[in-house]
């Protein structure tokens, strides 16, 4: 039996796989560079950017970057949402979050995606951040984007800063 284990370890090392650190080396032939946003996401990014000059727009943000669980709560609450991401997060210049954006396409009609969307909606409500959904089949105007993403206080700040 011991001989079999030793043979397996030797063969594994010869094949270029370290038994203990399997998967620790990077095979550069397995990867290629990709754009972080689809063409639709790029177009919406440009629309949001032109609609909200002076704000910071972050794309493809993991929810765990903007959500924390309270000390009195179990870590399982965090785990329920940690794998979710938002298409865009809108921030003031100090990076305080004012809103988030989700782009909905036909895939959001599927039950699995609806469940994920409900989780996103619930966690964003829980932290008091507006989550605005735009249907990718209908592009809003810059004015519509501003109206939906900026609350009343933020609109006043925006208008006075723009003047």
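Can you say whether residue 126 is loosely packed, with under 13 Cβ neighbours inside 10 Å, more than 26 Å from residue 35 (Cβ to Cβ) and either under 16 Å from the mean Cα position of the chain (by Cα) or at pLDDT below 85 (or both), as far as the supplied structure shows?
no
For the stretch 91-105, check the following and say yes or no: at least one residue is at pLDDT below 90 and within 30 Å of residue 121 (Cα to Cα).
yes
Quickly run through the stretch 129-144 and pick out the residues that are outside any loop (DSSP other than H, G, I, E, B) and surrounded by 12 or more Cβ atoms within 10 Å (Cβ to Cβ).
130, 131, 132, 133, 134, 135, 142, 144 - these are the residues of the stretch 129-144 that are outside any loop (DSSP other than H, G, I, E, B) and surrounded by 12 or more Cβ atoms within 10 Å (Cβ to Cβ).
Pick from the stretch 84-113 the residues that are in a helix (DSSP H, G or I) and over 16 Å from the mean Cα position of the chain (by Cα): which of them is nearest to residue 66 (Cα to Cα)?
Among them, the one singled out is 112.
Could you list, in sequence order, all residues of the stretch 34-64 that are more than 28 Å from residue 79 (Cβ to Cβ), touching a helix residue (DSSP H, G or I) at 6+ places or on another chain (Cβ under 8 Å) and assigned to a helix (DSSP H, G or I)?
47, 48, 50, 51
Give all pairs with beta carbons closer than 8 Å in which a residue from the stretch 140-163 that is at pLDDT below 65 meets a residue that is in a loop (DSSP other than H, G, I, E, B) and surrounded by 13 or more Cβ atoms within 10 Å (Cβ to Cβ); count only pairs at least 6 apart in sequence or on separate chains.
Cβ pairs passing all conditions: 158/52; 158/150.
The values are calculated or read from the model by the stated rules, or taken from the named source; none is laboratory data. Just so it is clear, the structure is predicted and the values come from calculations on it, not from any experiment. Counting neighbours? That spans all protein chains shown, and the Cβs are built from the backbone with ideal geometry, glycine included.
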